[in-house]
Amino acid sequence: MRVILLIAVLSFLLAGCSSTPRSVILHPQYQGPSSNALNTNMALQVNDLRTTKYTIRVKDQEPALYMPDANLPVNLNHVMTQALAAHGAQVTSIAPTKVVVNINRFKAIIAETLSQHQSDAQTNVTIQVTQGTRSFEKQYKGSASLSGPLKHDQAKVEEQLNNLAQQVVARIVQDPEFIQFVRGR
């Protein structure tokens, strides 16, 4: 009886040690300035064009820990809608100005040793705006680094990614070229 109990306990402990991907919780909020620079109706669409769908990857870990985020387009759409509204735009499904945001890269890669960790996050989005026959396209990139002692804290990496999303969205809605195109100039 003891042998069976010991085998069951060891099996349970070994199963608990296996590394299963955890979900990534992202919820960026627009916290930048506001204006009436984009006083128009806009239709907004966000597409995830990343070739690899992970959002957080820990290097040199067996098995490698990849955490996909299926809600990334929804979350980016949400923060982009907040930012456009803060600058006077009204996001609606039917509008003469159509804004498409393509997510080309959005990830954090973490390197860990026994004594420290380093998280390098990158984002790359392309924005395409059309108004009738006119069109505007521009790429926006961002990066952020985070380091600390011991192993990484997933919540801090998620905060790093939220901040990166907020920064890129703020850069888009405050870009003079984007504003001038939307205003018809």
Rounded to the nearest 10 Å², the accessible area of residue 182 using a 1.4 Å probe with every protein chain kept is 10 Å²
Over all Cα pairs of the range 88-183, the Kirkwood radius sets Rh, and Rg/Rh then becomes 1.13
Between residue 43 and residues 5 or more places away or on another chain, the pairs with built amide H atoms under 5 Å apart involve 92, 95, 97, 98, 99
Karplus ³J(HN,Hα) for the range 66-77 (6.51 cos²θ - 1.76 cosθ + 1.60, θ = phi - 60°; Hz, whole; x = Gly/Pro) runs 10, 10, x, 9, 5, 8, 4, x, 5, 5, 5, 4
Expressed per residue, the solvent accessible area of the range 47-171 in Å² (1.4 Å probe) is about 50 Å²
In whole Hz, the Karplus estimates of ³J(HN,Hα) for the range 85-90 (6.51, -1.76, 1.60; θ = phi - 60°; x where Gly or Pro) are 5, 5, 10, x, 8, 10
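The values are calculated or read from the model by the stated rules, or taken from the named source; none is laboratory data. This one's a predicted model, so the numbers in the text were calculated from it and none came from an experiment. Accessible surface areas use protein heavy atoms only, side chains included; no ligands, DNA or RNA. Shrake-Rupley method; radii C 1.70, N 1.55, O 1.52, S 1.80 Å.
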